[in-house]
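What follows draws every value from the coordinates through simple rules; no lab data is involved. Remember, it's a predicted structure, so these values are computed and weren't measured experimentally. For neighbour counting, all protein chains shown are included, and Cβ atoms are generated from backbone atoms with ideal geometry for every residue, glycine included.
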Amino acid sequence: MQDNSEQLYFINSLYRDCILSEILGKDASDILYWAGKRVSRRYDLSDIDDLPEFFKIAQFGQLKLISNRRKTVVFELSGQNVTDRIESSITEFTIESGIIAECIARENKTNAEAIANIDSKRKVVEIVVQYD
């Protein structure tokens, strides 16, 4: 199982951090955010309780709900995959942000936008979602 996990991690990194960023160029961030929203719809993610398992399966990292207040939801994304990406100076977490934003929007039947903030010292990503 470890070998499959490592292979999946390598393939994800290859496509996402190397090939896609090269193809998409300066528009990569916007397109990947939109793609994340599309992924959320395709996999019918409309309940925040489903997100941590989805992120685990997709090998995006460990997603933890930090706070869920009126019109603002905060998540923390951590784990070896996240640490590796941050240490490699990869600061693109817009796919994850898009997935989460769309999930929150669908769950609350409103508009939602998310932004990822990287904590380089702790090697985690804080994803903050604002919704109407």
Test item: Cα-centred dipole of the chain, Lys/Arg +1 and Asp/Glu -1 on Cβ, debye: 380
At q = 0.14 Å⁻¹, work out log10 I(q)/I(0) for the chain with the Debye formula, treating every Cα as an identical point scatterer and leaving solvent out; two decimals please. -0.59
Given the DSSP H assignment, sum -39500 (n - 2.57) over each helix run of at least 4 residues in the chain and divide by its residue total; what's the result at 222 nm in deg cm²/dmol, nearest 500? -13500 deg cm²/dmol
Hey, how many Å between the Cα centroid of region 22-45 and the Cα centroid of region 51-84? 17
Which lysines, if any, have their Cα less than 17 Å from the Cα of Lys109, not counting same-chain residues under 8 positions apart? Lys37, Lys71
Please tell me the relative contact order of region 1-130 in percent, rounded to the nearest whole number, where contacts are Cα pairs under 8 Å and at least six residues apart. 27
Where does the charge balance sit around Asp17 when Lys and Arg score +1, Asp and Glu -1, over other residues with C-beta under 9 Å from its C-beta? +1
